[in-house]
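Just so it is clear, none of the values below were taken in a lab; they were calculated from the coordinates. Model, not experiment: these values are computed from the prediction. With ideal geometry, Cβ positions are generated from the backbone for all residues, glycine too; neighbour counts draw on all protein chains shown.
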Amino acid sequence: MSDMLLQVMDVSKGFPGVQALDKVSFELKRGEVHALVGENGAGKSTLMKILSGVHRPDAGSIIYKGQEVHFQNAREASAAGIGIIYQELNLVPHLTVAQNIYIGREPRTLLGYIDDRKMNVDAAELLGRLNLDIDPAIRLNQLPISKQQMVEIAKALSRDSEVLIMDEPTSALTESEIEELFKVIHDLRARGVGIIYISHRLDELKHIVDRITIFRDGRYIATSDYAAISMEEIINKMVGRTLANIFPARANVPTETRLLEVRNIVRPGILKDISFDLFQGEILGIAGLMGAGRSELARAIFGADPIASGQVLRDGKRLKIHSPSDAIANGIAYLSENRKEEGLATKMRLNENVTMANLPAVSRHFTVISRAQELEATRTFVRDLDIRTPSLEQTVNNLSGGNQQKVVVAKWLYRDSRILIFDEPTRGIDVGAKFAIYELMEQLARRGVGVIMISSELPEILGMTDRVLVLHEGRLMATLRTRDTSQEEILNFAAGFTGAAAAPCQG
Amino acid sequence: MSNESQMAALPLAKTGLPAGTRSQRLSLDKLVIFIVLIALFGYFSMTASNFFTVRNVLTLALQTSTITMMGIGVTFTIITGGIDLSIGSVVALSGTVAVMAANVGCPIWLSMVIGLGSGVLSGLLNGMLITGLKLPPFIATLGMMMVLRGVVLTITNAMSKPAPDAFGHLGNDTLFKVSRQFPGIAYPVFIMILLALALGFFLRKTRMGRYTYAVGSNEEASRLSGIKVNRVKLAAYMISGFCAALTGIILASRMVTSQPNGGVAYEMNAIAASVIGGTSLMGGVGTVGGAVIGSFIIGVLGVGLTMQGASYFVQQIVIGIVVIASVAVDQIRYKKKLGK
């Protein structure tokens, strides 16, 4: 299979203040899975938006099936057979699964009514082909996010796309769902579909990718057969420098001082009698599958969700936490996994977000905000965390994902918190930014801060933490010393098996 | 953390990162509508012979002060992502309450304070319905609009009552009166200016003001940042109620009577003024300055068209078109920005 499906030649695209793409090239063959990688801001998303008709290029040409194309909008691209699955879901929560899949092209009866029956039958067949156990008649918002993502994939596939663009498709999926997705991808490849696969999770590429193209800062860097390039080379080309390690060296040793004691937290149906300690200077991991209650545990400690019983002690003293502001007043910070929905005021400026949780520190006369002090504080964090922004007063919406994450981190660092709970801190951000965030955690721990890191990426748990809590369906299955445990052991507990005699893990 | 000391060691020039430029901070939107306002002013000055006279400009400012003050207040609620439909009824309520208080022998100042109190209380009630019962602001304030109107009509039997003469000073006296040619600037105009300056500063420079934007921009992120969201919302509705009550008292003072039927549909003009001024009904965006300019666009159109001989009905059409156009232009520009 060598016939060319799609060729991008010397495409450029600028936005006010940024040259997002500078004469980049890319090609896709039939029956190929071609990974496109690069750090945040490398221009991947912009190119995908051009291919799917959302943006139009300033210069360069796109040849699709041998003909130059100029898509004017997303509908034209999709009609031509280029489908895209965005990182963020583009579904209507109040419609059913089938209605979502066939939205805008519902099958009609002879009388012109929507043929609900046919739609449900077709959807069921489609979902069946993907081995998905989803009722097509169920309302979308009754499904967990991971299932919604699978619906998004089904929707794109239902259009018989010849080119399928997947932008971080696995970021919200569990291990087993990822396997399902890979099966689907293999299947599609065998049928001759060309797939452009964008992911920050470089480790998963090896399962599916044929070729890989690397972008950096809006420029084309290299294309290679996946088999002919090492992970190290990929990362070096992505960041433009050599990264010695994926994780910083853990220099500090947690102290014996109990910083936080969590006792018998219960939230009916969600958290079942959870107790643990956090020591000063410790990085404590929380592992578990999707739905195990990891974020819920963090939110309970933080006062964001009500709990039925249980208590939280800091420095041996019982805290009264009824709301996030109580938790914050006691030095606890929570960095939500959904930074856009829960972490940032995206319409507001960078400086305003950084100081949001600690405005008194830049205020005079009780309440008046000092712009100068605020900008100084912001400047410090922009420099320390290497936030890439054209100005300190840039609207946060215009920053890339990794930089947005850093803004959230800056907000809590500025608050001078003693306990920081990071919920999936590196999801959707690039290698360089990841390392910066790991380094930051390490520095915080060294300063005596207690860090809790919730993560779905086990290498990150193993690489960064001192101890790991493993949750399964709201229950604390095990508290493990990171040094003495393994990926397999953690997965065993996460899957609900107890003890060493458990069955081998199934991912 | 030792932010302060770190920062001290870091002169501005060293990192080289600019603060936002002035034009970035003063949004272009406000500049555009300000130009529209000036253009309208110029147009009417040339086409209506008596428009650009001292007397007329002073009258214009006095008339527009009503909608301006209400527009400023409602802007706070819209920025939090809400709305306040009850302010027209608050206008009637506060004026009536103040006149009644004056008529039973309260000193004038005290009766006015009581009137203001009734507005703040109404705002508090709005806010409690919205934060406590989690009602959508549209519904809560729509209900309150009806309830308050009903209360006013009931306690007055729908009859206007004259107030003591002294009650009329606030609305009818002027400052800097020179001669017939320059009758002086009316107190309500000063009050409007002071209110705009004070609330503009509050919104732009204080913590509570910042929180107002934060809550409207992302309520959950605000809550998780420790902002007491309910308190911010209560404050916004109380400010809105206060502004409407101030308007109501000034109107009652100008007429030297209570006006139980006054203020009907005023909320719509106030919301329109705010929206023309760039406030987004989605929340998180809006300024006091914008609301003032928006109010004056409506005011200038009203007076100018009247002097040109256009009927009240035609004015309604024109103002409606301006509301639609101002938001449409915004939308088109927003899309352009996204690169569509």
Handout entry: Cβ crowding within 10 Å averaged over residues, with B:196-205, A:468-477 ranked highest first
Key = A:468-477, B:196-205
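Let me confirm one metric for peptide A:341-351, namely the mean number of other chain beta-carbon atoms within 10 Å of its residues' beta-carbons. Mind dumping the intermediate values first?
Values: counts 3, 8, 5, 4, 14, 4, 10, 9, 5, 1, 2.
Neighbouring Cβ atoms belonging to other protein chains average 6 per residue here.
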Exercise for the section: Calculate the all-directions average of the projected area of segment A:214-344's alpha-carbon convex hull, and give it in nm². Expected result: 11.9
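Using DSSP, restrict attention to beta bridges with both residues in the protein assembly as shown and report what percent are antiparallel, rounded to the nearest 5.
Numbers: 49 of 84 bridges.
That works out to approximately 60 percent antiparallel.
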Completion exercise
In degrees, nearest 10, the alpha-carbon axis of helix B:207-217 is tilted away from the dominant principal axis of the alpha carbons of chain B by 80
Practice task
From the C-alpha gyration tensor of segment B:199-340, pull out the three semi-axes of the equivalent ellipsoid (sqrt of 5λ each), sorted largest to smallest, in whole Å.
Solution key: 30, 24, 11
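Please report, in debye to the nearest 20, how large the charge dipole of segment A:262-414 is about its Cα centre when each Lys and Arg carries +1 at its beta carbon and each Asp and Glu carries -1 there.
Numbers: 20 positive and 16 negative charges, 33 e Å.
In debye, rounded to 20, segment A:262-414 gives about 160.
Give me the mean projected area, in nm² to one decimal, of the convex hull enclosing the Cα positions of segment A:4-239.
Working: hull surface 53.4 nm².
Directional mean of the projected Cα hull area for segment A:4-239 stands at 13.4 nm².
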Problem - For segment A:382-399, 3J(HN,Hα) per residue [Karplus equation, 6.51 cos²θ - 1.76 cosθ + 1.60, θ = phi - 60°, Hz, x = Gly/Pro] - result: 4, 6, 4, 9, 6, 6, 8, 8, x, 7, 5, 10, 5, 5, 4, 3, 8, 8
Completion exercise
Counting only residues 5 or more apart in sequence or on a different chain, those whose built amide H sits under 5 Å from that of A:Ile165 are A:Gly83, A:Ile84, A:Ile85, A:Ile196
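Sorted from largest to smallest, which semi-axis lengths in Å does the alpha carbon gyration tensor of segment B:244-285 give for its equivalent ellipsoid, taking the root of 5 times each eigenvalue? Walk me through the intermediate numbers first.
Working: eigenvalues 150, 19, 12 Å².
Value: 27, 10, 8 Å, ordered largest first.
With only alpha-carbon atoms in the gyration tensor, what are the semi-axes of the equivalent ellipsoid for segment A:339-416, in Å, largest first?
19, 13, 11
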Practice task
Find which of B:Ile83, B:Ser253, B:Ala102 sits farthest along the positive direction of the dipole of chain B, computed with +1 on the beta-carbon of Lys and Arg, -1 on that of Asp and Glu, about the Cα centre.
Solution key: B:Ile83
Completion exercise
Non-local residues with an amide H under 5 Å from the amide H of B:Ala163, with H modelled 1.01 Å from N and Pro and chain starts lacking one, are B:Thr257, B:Ser258
Completion exercise
Sorted by chain and number, the residues with a modelled amide H under 5 Å from that of A:Ala35, at a separation of 5 or more or across chains, are A:Tyr197, A:Asp210, A:Arg211, A:Ile212, A:Thr213
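Within a Cβ distance under 11 Å of B:Thr77, other residues only, what is the Lys/Arg minus Asp/Glu net charge?
-1
Considering every pair of different Cα atoms, what Kirkwood radius, in Å, is found for segment A:384-470? Provide the component values of the computation, followed by the final result.
Details: mean 1/r = 0.0731 Å⁻¹.
Every distinct Cα pair counted, the radius reaches 13.7 Å.
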Practice task
With only Lys, Arg, Asp and Glu charged, each at its Cβ (+1 for the first two, -1 for the last two), find how big the charge dipole of the protein assembly as shown is about the Cα centre; round to the nearest 20 debye.
Solution key: 2720
Problem - From phi via Karplus (6.51, -1.76, 1.60), per-residue ³J(HN,Hα) for segment B:100-105 in Hz, x at Gly/Pro - result: 4, 4, 4, 6, 8, x
Exercise for the section: Give the dimensionless ratio obtained when the Cα radius of gyration of segment A:1-82 is divided by 2.2 N^0.38 Å. Expected result: 1.06
Practice task
For chain A, just the Cα set please: Rg and Dmax, both in angstrom.
Solution key: 24.0, 75
Exercise for the section: Compare the Cα positions of A:Ala308, A:Gln280, A:Ala333 along the charge dipole of segment A:272-337 (+1 at Cβ of Lys, Arg; -1 at Cβ of Asp, Glu; about the Cα centre) and return the one farthest towards the positive end. Expected result: A:Ala308
Handout entry: Lys, Arg +1 and Asp, Glu -1 on Cβ, resulting dipole of chain A about Cα centre, debye, nearest 20
Key = 1140
Problem - Helix-derived mean residue ellipticity, 222 nm - over the protein assembly as shown, DSSP H n ≥ 4, -39500 (n - 2.57), to 500 - result: -15000 deg cm²/dmol
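For chain B, state the average projected area of the convex hull of the C-alpha atoms over all orientations, rounded to one decimal in nm². Could the numbers behind the result be given before it?
Details: hull surface 88.2 nm².
It is 22.0 nm².
In what sequence do A:Leu444, A:Leu164, B:Leu121 fall when counting other Cβ within 10 Å, fewest first? All intermediate terms of the calculation are to be shown ahead of the outcome.
On the way: A:Leu444 23, A:Leu164 26, B:Leu121 17.
Starting with the residue having the fewest Cβ neighbours, the order is B:Leu121, A:Leu444, A:Leu164.
Working from the pairwise distances between different alpha carbons, so that the mean of 1/r is found and then inverted, what is the protein assembly as shown's Kirkwood radius in Å? Working shown, then result.
Working: mean 1/r = 0.0330 Å⁻¹.
For the protein assembly as shown, the Kirkwood estimate is 30.3 Å.
Per residue of B:282-290, count partner chain C-beta atoms within 10 Å of its C-beta, then hand back the mean as an integer.
1
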Exercise for the section: Could you run the Karplus curve 6.51 cos²θ - 1.76 cosθ + 1.60 with θ = phi - 60° over segment B:146-154 and give me ³J(HN,Hα) per residue in whole Hz, x for Gly and Pro? Expected result: 6, 4, 5, 4, x, 4, 4, 5, 5
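Using a 10 Å cut-off around each Cβ of peptide B:210-223, what is the average number of partner chain Cβ atoms that fall inside? Show your work: numbers first, answer last.
Values: counts 10, 2, 0, 6, 8, 1, 3, 10, 12, 2, 8, 16, 5, 6.
Across B:210-223, the average partner-chain Cβ count within 10 Å equals 6.
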Practice task
Could you sort A:27-33, B:290-296 so that the peptide with the highest average Cβ count within 10 Å comes first and the rest follow in order?
Solution key: B:290-296, A:27-33
